[in-house]
Structures are given as structure tokens and as C-alpha cells.
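Since the structure comes first, as C-alpha cells, the remarks are kept for the end.
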Amino acid sequence: MEILKVQGLCKTYGTGAAQVKALQNASFSLQKGDFAAIVGDSGSGKSTLLNCIGGLDSPTAGKVWLNGEDLFSLPEERRTIFRRQNIGFIFQSFHLIPELNVEQNMIFPLLLDGRKPDPQQVDELLDVLGLTERRLHLPSQLSGGQQQRAAIGRALITHPTVVLADEPTGNLDSRSSRDVMDLLLKASRRYQQTVLMITHNMNLTTAANHVFSVHDGVLTDLGGAQE
């Protein structure tokens, strides 16, 4: 089942001699349960690609379909709601709300939509993330790895169509990085969650069944380990 389709995506900044082509005709698709990685150096265009796929930035040209919905045909307000309900974001800097504990941070996207969290689902997710004993801790009381796990929980709680992870291990040590990658892979397999991750580290792509590279805005399919 095709979950994400990106077709002819372009993003250009500036004009004339100052023009920068951050994305050039990027196209690919992902199926339900795929774990995909996009690799590239800083400034290659991979973050621009992820931001356009997530609706955080608008492409100059091209289309993004998510679960059959043409993302950029939606009015801005409707696109914001659709994004919140269908896309889970995991950022390098965690972006947890300092005043909320782990559980409150995780269920926050549901509360924004006026939805009541399922206590059993919350308990299961806390257990999978290894955060049961930290559920009442504030972000300042957690290690970097624990904060990123809480951020993963926040991304998964809504059962999004796709999870977009932007350098999710960038601020973590090697052990925490492995833990986070294991959790993302577990989410892909256990919940049939489609995950798209960007990274500059090729070593983190070994479990991905699709690997793409971006260089000077050009996307190349590198294949991947098929199960």
C-alpha cells in the first residue's frame, strides 16, 4: 500500500545570480511499514526535502501525496490539521515542552485535536520506549537519549501515516544513538509505521529497506537492505 508519493519536487531560493536550487526534481514513493533513510552532507538539500514532505515548507514545484491526499492542494489551515493528524515529527533538538512531564509531552498532540488518550496505549508505548519509570519526570530530569525517546513517543501516539525524523541521533552519544535507531526500527516493524529519516551518517542506514542520497539538491536511490 503506497503511503507517501513525492513527484518532481523542486525548491529554489533567490533569483538571478543568487539563485540556489535546494531541490531538483526529487521523486520517490514509500509503502506502509517502510523504513527509509536519506543521507547527505550539511547543505545538500535533505532537510529541505524533509520539510517539504512534512508541509513545513512549500516546494517551488512538484507534488506530495500522503495517504492519497495531495498535501499542497489543501488550504493552509486544513493542511496544518492534516499534518498534525498524519505526520509525526522527530527533531534533533527534541522540542519537548519543559513544563510538561514525559507522559504529558507524549499525549500533547492528541490533546491539541481534542482527543482523549487511551491509557492502555500510553502504558504500552511508555513500556516499549523504556520510559515507564520516567513518565512523571520533566525533560530537565532526563538524559538526552531519554528525551529523544519521549519525542519518539510523541511522534507515534497519534498513529501517524508517516514519521519524519530529522537527524534524530545528532545530539546523542553512540549508545543512545543505537537505542534510538532500535526504537525507530521497532516502531516500523511492530506498528507497521512508515519512517523516513535523514542523517549524515551512513552507518545508521544499515537497517533501512530504502536508502536515498541527496547531493546539491539531486536525489539518488541507493537501494537498501530488503528483508
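The values are calculated or read from the model by the stated rules, or taken from the named source; none is laboratory data. Computed from a predicted structure; not experimentally measured. FYI the Cβ positions are ideal-geometry reconstructions off the backbone, even for glycines, and counts take in every protein chain you see. Heads up: the accessible areas ignore ligands, DNA and RNA and are worked out on the full protein's heavy atoms, side chains in. Shrake-Rupley method; radii C 1.70, N 1.55, O 1.52, S 1.80 Å.
Probe radius 1.4 Å, ligands and nucleic acids ignored: give me the carbon and sulfur share of the accessible area of region 92-190 as a rounded percent.
Heavy-atom surface of region 92-190 belonging to carbon and sulfur, 1.4 Å probe: 46 percent.
Pull up the DSSP beta bridges for the chain and report the antiparallel fraction as a percent, rounded to 5.
Of the beta bridges lying entirely in the chain, close to 55 percent run antiparallel.
May I ask you to order 144-157, 10-23, 90-103 by the average number of other C-beta atoms within 10 Å around their residues, highest value first?
In descending order of packing, they fall as 144-157, 90-103, 10-23.
Relative to the present Cα-Cα distance, how much length would full extension add between K63 and K186 at 0.36 nm per residue of separation?
41.3 nm
Calculate the FRET efficiency for T132 and F108 from the Cβ-Cβ distance with a Förster distance of 30 Å, rounded to the nearest 0.05.
0.95
For K186, give me every one of the lysines with a C-alpha distance below 27 angstrom, ignoring sequence neighbours fewer than eight places off in its own chain.
K5, K32, K46, K116
Between S140 and D173, what's the calculated FRET efficiency when r is the beta-carbon distance and R0 is 30 Å? Round to 0.05.
FRET efficiency, S140 to D173: 0.95.
So, for the chain, what is the accessible surface per residue at a probe of 1.4 Å, expressed in square angstrom?
Accessible surface, normalised per residue, equals 48 Å².
Looking at region 127-227, send over the antiparallel percent of its DSSP beta bridges, to the nearest 5.
The antiparallel fraction comes to roughly 50 percent.
Would you please put 80-89, 40-49, 132-141 in order of how densely packed they are, using the mean number of other Cβ atoms within 10 angstrom per residue and starting with the highest?
Averaged packing, sorted descending, gives the order 40-49, 80-89, 132-141.
Starting with the highest mean, order 50-57, 122-129 by the number of other Cβ atoms within 10 Å, averaged over the residues of each peptide.
Order by mean packing, descending: 50-57, 122-129.
Taking amide H positions as placed in the peptide plane 1.01 Å from N, state which residues far from L23 in sequence (5 or more) or on other chains have amide H under 5 Å from it.
Excluding prolines and chain starts, which carry no amide H, the hits are K11.
What nm distance separates the two modelled labels at N25 and D123, each placed 7 Å from Cα along Cα→Cβ?
5.5 nm
Spelling out what I want: for every residue of region 22-31, take phi, set θ = phi - 60°, compute 6.51 cos²θ - 1.76 cosθ + 1.60 (Karplus), and round to whole Hz; glycine and proline get x.
My calculation for region 22-31 gives 6, 9, 10, 6, 7, 9, 5, 9, 10, 9 Hz in order.
On full extension of the chain, what length is gained from R115 through R79, given 0.36 nm per residue of separation minus the C-alpha to C-alpha distance?
Gain in length upon complete extension: 11.1 nm.
Counting only protein heavy atoms and a 1.4 Å probe, tell me what percentage of region 1-64's accessible area is made up of carbon and sulfur.
Within region 1-64, the accessible surface is 46 percent carbon and sulfur.
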